[in-house]
Amino acid sequence: MNIRNIVIASFLIFSITNYSALSADEGESQPAAEAATSIDPKGKQKVMEVQFEASLADAHAAAMSAMKLHGFTIKASEATKLEGSHPRNFGAVVGSGGEKLTIWLTSEGEALTSVKVKTKRTMLGRVGQKRWTAPVMAAIERALN
């Protein structure tokens with residue numbers, strides 16, 4: 001077995017192991033009250049949903065500013081949904097960047113809005129990409145409080 005085959009085999013094992021671990025994370029979720037106070041310290045959560053005491057317009061503005069703060073380019077902006085992508089970087093870690101972030105806003109009343117944030121990473125760039133769910137949700141929380 002030559003070096004090239006060993007490198008390819010170890011990359012495949014690494015990818016499969018990480019993909020299995022990521023799939024296991026999908027079923028986990030925190031209660032909204034808990035998520036609002038301790039926003040996923042390890043950054044492992046793929047989807048987060050938190051209710052804020054704010055109007056839909058205020059939550060929308062906070063979500064847009066949080067996305068811009070973390071370097072996302074906003075691709076679609078509707079009253080109840082924001083979509084954006086992080087620019088790709090080619091350097092030390094090939095394939096870093098390119099993550100897609102979606103934020104859903106649901107009005108639960110005049111001054112109560114539910115905010116759901118989800119990061120989607122590409123299969124090939126998974127090693128160099130990061131989950132932006134917790135940092136973006138924390139920025140939204142700071143903007144609304």
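Details
- Length available on full extension from Ala79 to Thr106: 0.36 nm per residue minus the Cα-Cα distance, which gives 8.8 nm.
- Ranked by how many other Cβ atoms sit within 10 Å of their own Cβ, fewest first, the residues Trp132, Trp104 fall in the order Trp104, Trp132.
- Residues Ile74, Ile103, sorted so that the one with the fewest Cβ neighbours within 10 Å comes first: Ile74, Ile103
- Amide H partners (placed H, <5 Å) of Ser96, local residues excluded: Asn89, Gly91
A short reminder: the numbers here are calculations on the coordinates, not readings from a lab. As the structure is a prediction and not an experimental result, all values here were calculated from the model. Cβ sites come from the backbone with ideal geometry, for glycine too, and all protein chains shown count toward neighbours.
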